[in-house]
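Take a look at the structure below.
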Amino acid sequence: MADAIMALRIAALAVAPGSPLYARVDLAPTASGPAVMELELIEPSLYFQLGPGSPVHFTETFCRRMDGL
């Protein structure tokens, strides 16, 4: 079941535009198996307080992506 869930998440991300810096795929159980409930590509709080250096890492990665446009 874990492989099917991961495959579903990968398939959901495959339809996202570009290559998001952040993504979360929420699934819900259904009678026929898990279903995508939400594909979140924007998170108002990226929990920077939990990872030392994460704001810098995110900003640097964002700037590299923007330079590539």
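Helix 2-14 versus the longest principal axis of the chain: what angle, 0 to 90°, nearest 10, using Cα atoms?
50 degrees
Take every Cα pair under 8 Å in the chain that's 6+ residues apart, average their separations, divide by the length, and report that relative contact order as a whole percent. Provide the component values of the computation, followed by the final result.
Values: 48 pairs, mean separation 16.4, N = 69.
Across the chain, relative contact order equals 24 percent.
How much length would be gained if the chain were fully extended between residue 60 and residue 13, taking 0.36 nm per residue of separation minus their Cα-Cα distance, in nm to one decimal?
Numbers: separation 47, 0.36 × 47 = 16.92 nm, distance 2.25 nm.
Stretched out fully, the residue 60 to residue 13 stretch lengthens by 14.7 nm.
Using a 1.4 Å probe on the protein heavy atoms, what percent of the accessible area of the chain belongs to carbon and sulfur? Don't jump to the answer; show the numbers that get you there.
Values: 3480 of 5300 Å².
It is 66 percent, rounded to a whole number.
Taking only protein heavy atoms into account and a 1.4 Å probe, give the accessible area per residue of the chain in Å².
Numbers: 5300 Å² over 69 residues.
I get 77 Å² per residue for this part.
Go ahead and estimate [θ] at 222 nm for the chain from helices alone: -39,500 (n - 2.57) per DSSP H run with n ≥ 4, summed, over the residue count, rounded to 500.
Values: 2 runs with 27 residues, N = 69.
Dividing the helical sum by the residues of the chain leaves -12500 deg cm²/dmol.
If one takes the longest principal axis of the Cα atoms in the chain, at what angle in degrees, from 0 to 90 and to the nearest 10, does the Cα axis of helix 54-67 lie?
Result, in degrees: 90.
Within the range 1-65, which trypsin sites (Lys or Arg not before Pro) sit in a loop by DSSP and count at most 10 neighbouring Cβ atoms inside 10 Å? Don't jump to the answer; show the numbers that get you there.
Values: sites: 9, 24, 64, 65; in loops: none.
Passing sites in the range 1-65 do not exist.
Which value, in Å to one decimal place, does the Kirkwood hydrodynamic radius take for the chain when every pair of different Cα atoms is included? Don't skip to the answer; put the middle values down first.
Details: mean 1/r = 0.0713 Å⁻¹.
When all Cα pairs of the chain are included, the Kirkwood radius is 14.0 Å.
The values are calculated or read from the model by the stated rules, or taken from the named source; none is laboratory data. Treat the numbers as computed from the prediction; the structure is a model and nothing was measured. Glycine gets a Cβ as well: all are built from the backbone with ideal geometry, and neighbour counts include every protein chain shown. SASA here: full protein model, heavy atoms, side chains in, ligands and nucleic acids out. Shrake-Rupley method; radii C 1.70, N 1.55, O 1.52, S 1.80 Å.
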